[in-house]
Structure formats: structure tokens, C-alpha cells
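The structure under discussion appears below in the form of C-alpha cells.
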Amino acid sequence: MDRNSAIGLTLIAGLLLAYFYWFAPKPQEAPKVPTATEQRIAATDSSAVVVKGEPEVSDSVLNATYGDLSAAMKGTDATTTVETGDLRIVFANRGGIIRELELKKFKTYSQQPLLLVQPLSTAFNLSTQYQGREIDLYTLYYQPAQKKEGDTTVLSFTATLGNGASLAHVYKIPDLGHEIQYQVISKGFDKLLGTDQLTFRWADAVRPLEKDLADTRKNTTVTYHSQAEGFDELSPAGTGTENEKIATTVNWVAIKRKFFLSSIIAKETPFTTGEVQTAVNEADSSLVKQANIQLTIPKKALADGKANFKFYFGPNDYQVIGKVTDDFAKNVYLGWRPVYWINKFVIFPVFHFLTVYIGNYGLIIIILVILLKMVLFPLSYRSYLSMAKMKVLKPELDEIKERVGDDMAKVQQEQMKLYSQVGVNPISGCVPVLLQMPILFAMFYLFPASIELRQEHFLWAEDLSTYDSIVQLPFAIPFGVGNHISLFTLIMTISTLIYTWQNNQMSSVQGPMKSMSYVMPLIFFFFLNSFSAGLTFYYFVSNLVTFAQQAVIKRFVDEDKIRAIMEENRKKNAANGGTGKKSKFMSKLEEAMKAGEEARRKADEEKKKKKS
């Protein structure tokens, strides 16, 4: 591509960006919020457990049935609200549990309050054996008491039982942050239990919070950390029921949404066993997944005053959750090694450094592209230089194909001989490209997982964490495209096709391989159309910067000089016997080609013998 073409492409891209900035289609109208009745029906259909009041019974029946617990079996429902800088939490005196929890600094895609706990979708259960029957301690009535200790609100719910025994749930909520300390305190109550454990259950009918339901489902699961296996999770991509029984001690369990976490963490005594489950009904668009957690708490922890836990309700933010507990940061998947190392030690620090000083995330992505391209410039230069050498050799390579014909093995041998004569390594251009691939993959994992991009507007995209939709289709296109067209993905694909055409002008590749090079960008269009707009915008800007780099490099790469050096190498090698000094790689490549040719020749001879 010459300078005029590069300038033209840049102007076209600029016009596109300007057009859709001023004439962008209006964001879609926020979806209708379900009524309370509709939510209740959805909650019932999704098997969410909702605690309901007991039928009215007499005191004598309660005393005969529940003994020391009878005083806590009756009461009046009431709530206590605690509001901090980050959370609004509603506690119920029946059960002493969190009834509703809102993240104040976040909204749903439809700009509604973002609730991670709500009565119609979330249920907690803490059951044990008492007088030969199973009883849920979260159905008892407790007396609330609230006080302030420095910057922490302490809220306790206490049930006074017979014989001087009592049971209390104590919460400590700091003025800032998303962690809630939780302790179950027994004074003689543990001695009344007929079992050596308590069972904690958490059922959550996970509701949609984001734009793309399909993508949300693929990123919603239950994660956990066991003493034996470390971090693990149920398959997020499962389309049915996923279930796992954990036979070893469990340190924490989390209900993981794409950008948010709801978790319980054992602080002193780990849970002895656990079972986690997710289920999805793809026909129900009001529900992402049903998540169920069951954990066992040893009675000894209750008796020893070590039933200490911690809830985390907050963003799945890599910069925040690493401080919560061991391996909690793995809830943000940054790719496989070495991609993980690149993201953790290179991309993430640079990305978050830029967010401190720049508020526009589109501009941050552009700067990130430029910085990475500057660092990788030596590799890009070597790759372009290798392509320039191949361009100079292209007439001779084409002549070999015409002279030899369809014998591909012979063509390859003649080409290798030519490379050796002129001192060119045909693989040298691939090595710089391969070294840049981890960066490409790092971005593939970084942008979809970055909560920083959530609901960040740029140009026509109202949310860089999900796809930008300029055209809504009345039907769905298969293979991942969906019922929309993403403009960022479209212009990325066009720029990639232009880049491929430009490289093919300098390459000796012909036939199916050349055609395949044009097919791959189209495949990526299908694959990336529903991905993060931030990701496809990054790839598009990366292509534009590559065009600019190649235009600059071309000014410093003299093809006549390259041709002269090759001719000089050819003369020297001819004087030394016809071929130049071969690298180990070239020698092994020739040996492999000769071995392949020998194997093919023997196979042909065997076929002839069988026919005769």
C-alpha cells in the first residue's frame, strides 16, 4: 500500500467515525421493568426459594414442638436498613438475614438499581437438627441492636432461648467497601443441637443485569476454593444443569456474574463439605441461571466461637478482589499462561495507569494501541523486511512454479535452493508475528473481562463492554452473529481484508492458501460480532496504526538495495560451490522435505506393485 492509499484509508476511517459520532442511532429504549407480580411468577418458575410465614399456632403447641426455641418462633416482621458509601442493605429481623442488597454505584443496563440480593430471587437457609427435627434458624425471630464502632456499623440480631441460651447473628459493615463481616454466636445453643453440623444453603435466581443475555449466561457460574484443589468452577458454558459435590474442606464459594460477585468466605474454620449447582432454562429470558450452594459448618466452630465468615457483594474487579481472600482474583479470567502473565504484569498496569489520568476509554484504547505498537516496532520492522525480501524474490519463485509444474515437492526443493543461494530465511517473517500473538490474545481476554468498560460510551457505542449495535435484524444470523450488526466489527473486518490484500502483494503464496487468507477475516467477523465493542475497536485501531507503521517502514526499506545484497550473496555462494551456509532450521527443514519425498516415492512404488 502506497502513501496515497494509506492516507485515503485513514480519511475514510475518520469520516466513518465522525459520521457515527454526530448521526449515531439513538440507544434502544430500556426494556420494561417487570411488575412485582411478574417477578413473583418468574421467581416461582425458576424454583427460587422464598421464605414464607408459618401458619398461626398456639403458644402451647409451640412449646410442645420447639421447647426452648418456642419464644423465637413468633414475632412481627420488621426490617433494618444500613446504608454505606457503596452499599444499601436491608436486614430482616426474621432470620437476621440480608433481605435486600443494592450496589449504589452501579446500575443495570436498563438503568435500574442493581440488586445482588432481593426477596423474590434470593433465599438463605441455615438448618440443623433440634429435638429430632430439622429447623431453619433463619426462620426464627431475632431482636436487632445497632451501634457504631469507628467507621463500622455493628448490627446484631439476638434470639433469647430457654435455660439462658441464646443465638445471635452479628454483622460488621464498614462505611466503604463491599465486604460484610458475619459471625454466628452461640451461648449454650450449640449444646441443644442433635447433630455435629449446620447446613448453610443459598439459592439465587440470577437476574439479567447486562445487555446481552447470551453472553451473560456464558459468564455466569459458581466458583469455589477447596483445600485440596484450590480454585475451581462449574462450567459457565453449560446449557443444562451443572453440579459438583466437594468432599474436601471449602474456603469460599461465589456466585459469579459477568461483572459482579456474591460470595461467602470462611475466615477461621473452613466449611467441611459443599455442593454447588447451576441450572439454565434458555427459553426463560427473565432468568440468567439458577445458582444453588450448600455448605456444612462444623458445630465445633459454633461452640468455640469460630463461626466467623465474610460476605463479598461487589464488582468483579481485578484491582479490588485480589485483596478479599486467597485466589479470589481468579474470578477474573485473564487467559492461559503466558497470556495471563502479559495481562497481569504488562497490560493491566498500563491500562489502569491510563485510567487514572484519562476519563475517555476510547481514547485510552487508542493510546494503549500506540504504546504497544511502539514497543513492538522492532518486530514489525523485521517482519516487513522479510516480506520485502519475498517480494523481490517473487518473480523467481513464480518462474520455478511455471518451470516445475504441479510437482509440489520439487517446487519446494527448488524454492529452498533459491533461498539458500540468496541468503533468505522464509520463516524469519513469521517469527516476529508469532512473538506478537500473545499480545493479541491478551487483549482478547482483557477487554471482555474489564468492568472499567461497563456502560462506558464512545462514539456510537453506548457500552464498550458489550457489542455495539447499529442495525437490529428481524432474524438471527447463525454462527455467532446474532440479530444485529456491530459497526466496530464491520470496519475492523474491512481493514483486516485491506491489510491481507496488502501483504499478499508481497507474498509468493498462491492458490487455496491465498484464498484462505481472505476467508479468515470474514470468519472473525462472525466470531467477534457479539464481542465487546472495546475489543473490536482495539483491533481496528491496531490495523490503522499498522498501516501507518508500514508506510513509515517502507521509506527506509530500499528494495533495490535488498536485490543487490541478494545478488551479492548469490555470487559468493556460487563461488563457494553453489549454495550458501544453511541455518540449523533450514537444514532440518530440507531433511524433513527429503524424508517426506522419499516416503511418498516408496508409497507410489508400493501402489504400482499392488496394481501389477
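The values are calculated or read from the model by the stated rules, or taken from the named source; none is laboratory data. Keep in mind that what you see is a predicted model, and the values were worked out from it rather than measured. FYI the Cβ positions are ideal-geometry reconstructions off the backbone, even for glycines, and counts take in every protein chain you see. Keep in mind that these areas ignore ligands, DNA and RNA; they rest on the heavy atoms of the full protein, side chains included. Shrake-Rupley method; radii C 1.70, N 1.55, O 1.52, S 1.80 Å.
Ranked by the mean number of other Cβ atoms within 10 Å of their residues, highest first, the peptides 530-542, 79-91, 553-565, 265-277 come out as 530-542, 265-277, 79-91, 553-565. Pairs of Cα atoms nearer than 8 Å and 6+ residues apart set the relative contact order; for region 207-322 it is 26 percent. Checking the cross-link pairs LYS410/LYS609; LYS172/LYS258; LYS172/LYS211 against a 29 Å limit on the alpha carbon distance flags LYS172/LYS211 as lying beyond it. Per-residue Karplus couplings for region 283-294, computed as 6.51 cos²θ - 1.76 cosθ + 1.60 with θ equal to phi - 60°, are listed in order as 7, 9, 7, 7, 10, 6, 8, 9, 10, 10, 10, 9 Hz, Gly and Pro entered as x.
Ignoring ligands, DNA and RNA, what percent of the accessible area of region 268-328 is carbon or sulfur (1.4 Å)? That share works out to 44 percent. Sequentially through region 199-207, phi angles give Karplus couplings (6.51, -1.76, 1.60; θ = phi - 60°) of 10, 9, 10, 9, 10, 9, 8, 5, 8 Hz, Gly and Pro residues having no value and appearing as x. Averaged per residue, region 268-360 has 45 square angstrom of accessible surface, using a 1.4 angstrom probe with ligands and nucleic acids left out. With the convex hull drawn around the C-alpha atoms of region 456-498, the volume per residue stands at 83 Å³. Between their Cα atoms, which of LYS74/LYS256; LYS401/LYS554; LYS245/LYS306 are more than 26 Å away from each other? Too far apart for the 26 Å limit: LYS74/LYS256; LYS401/LYS554.
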